[in-house]
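To keep things clear, I will list the structure first and then write my remarks on it.
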Amino acid sequence: MIRIQFLAMLTMLIDHIGVVWHPDDTAWRIIGRLALPFYVYAMVTGYSRTRDVTRYLTRVGLLAIISQLPYHLAFRTHGLEINVIATLFFCLLTMLLLDLLKGKMMASVLTTAAIIVLLEALPFDYGGYALLLMLIYRYATPHMMVLLHLAINVFSIFYKGWTLQLFSLLSTLWIVYMPDLMRSMDRIRMPRFLWRSFYPLHLLIIAIISYTINP
């Protein structure tokens, strides 16, 4: 679990540095495409292991609220864009609802569809893509994870023009086909508070540096 968290934070930091200071250099964004799958996989794992789903959801929801202002400041957004932690909150909520609706196929499909529409209708970061990826990691077998992740990436190229998102498949390939390398990273130790606070904290630091350099 630690290895996924470390990779998620590192690739996200690289991506956001690229967004703020190197917007024309695609190398930063390519590396950054690996971040969301790592985050989603870590949260699927956390959801499956938690002893208190309600507390887990509450913690993610509060983190989403706390993250919104640093998100706006770091990226200097002026619209209604909603940060990715809020997106992941609704993804986790979907998994909880699907567990509660287990055995009720039609209700499960309608619930999932309704939340995808919500994520797409409002400017949630990554939108319904994040939910589909979370469901893939939750329910698919390892080899099917790769095929289904590739499928939603191809769909995203035609639907949203997300060509660079194809590189996110590298995260799934890493998770599925390089478990020994992943296990070797378990030597990395990380305080729990760092994982939980990293998203708003690193955005706040980026915002402070950005406004200091270029008010």
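Only one of (1) under 25 Å from Phe167 (Cα atoms); (2) of a type outside the set (Asp, Glu); (3) in contact (Cβ under 8 Å) with a residue 24 or more places away in the chain fails for Tyr56. Which number is that?
Answer for Tyr56: the failing condition is (1).
Report, by residue number, each residue of the range 132-149 that is part of a helix (DSSP H, G or I) and touching a Leu at 6+ places or on another chain (Cβ under 6 Å).
Within the range 132-149, Ile136, His149 qualify.
Pairs please, first residue from the range 154-181 and at pLDDT 95 or above, second anywhere and of a type in the set (Phe, Trp, Tyr), Cβ atoms under 7 Å, 6+ apart in sequence or on different chains.
Ser156/Tyr129; Ser156/Trp162; Ser171/Phe38
Search the range 39-50 for residues that are over 18 Å from Leu170 (Cβ atoms) and among the small types (Gly, Ala, Ser) and pair each with any residue that is surrounded by fewer than 19 Cβ atoms within 10 Å (Cβ to Cβ) and modelled with pLDDT of 90 or more when their beta-carbon atoms are under 7 Å apart and the residues are at least 6 apart or on different chains.
Close Cβ pairs (under 7 Å, with a partner that is surrounded by fewer than 19 Cβ atoms within 10 Å (Cβ to Cβ) and modelled with pLDDT of 90 or more) amount to Gly46/Tyr56.
Which residue is farthest from the chain's Cα centre (by Cα), if the candidates are limited to the range 117-131 and must be surrounded by 20 or more Cβ atoms within 10 Å (Cβ to Cβ) and among the aliphatic types (A, V, I, L, M)?
Once the filter is applied, the top-ranked residue is Leu119.
A quick yes/no check of all residues on (1) in contact with a strand residue (DSSP E or B) (Cβ under 8 Å, 6 or more places away or on another chain); (2) under 29 Å from Ile157 (Cβ atoms); (3) of a type outside the set (D, E, K, R):
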| site | (1), (2), (3) |
| --- | --- |
| Val44 | no, yes, yes |
| Asp52 | no, no, no |
| Tyr56 | no, no, yes |
| Leu63 | no, no, yes |
| Ser67 | no, yes, yes |
| Phe75 | no, yes, yes |
| Leu80 | no, yes, yes |
| Ile85 | no, yes, yes |
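Looking only at the range 22-41, count every residue that is over 15 Å from Ile85 (Cβ atoms) and part of a helix (DSSP H, G or I) and tell me the total. Steps first, answer last, please.
Quick first cut of the range 22-41, residues over 15 Å from Ile85 (Cβ atoms) only: 22-34, 37, 41.
Then drop every residue that is not part of a helix (DSSP H, G or I), which leaves 26-32, 37, 41.
Within the range 22-41, residues that are over 15 Å from Ile85 (Cβ atoms) and part of a helix (DSSP H, G or I) number 9.
Please specify each residue of the range 54-81 satisfying the condition of being among the hydrophobic types (A, V, I, L, M, F, W, C) and modelled with pLDDT of 95 or more. Walk me through it before giving the result.
As a first pass, look at the range 54-81 and keep what is among the hydrophobic types (A, V, I, L, M, F, W, C): 57, 60, 62-66, 69, 73-75, 80.
Listed by number, the residues that qualify are Leu57, Val60, Leu62, Leu63, Ala64, Ile65, Ile66, Leu69, Leu73, Ala74, Phe75.
The values are calculated or read from the model by the stated rules, or taken from the named source; none is laboratory data. Fair warning: this is a prediction, and the values are worked out from it, not measured in the lab. Cβ: placed from backbone, ideal geometry, glycine included. Neighbour counts: every protein chain shown.
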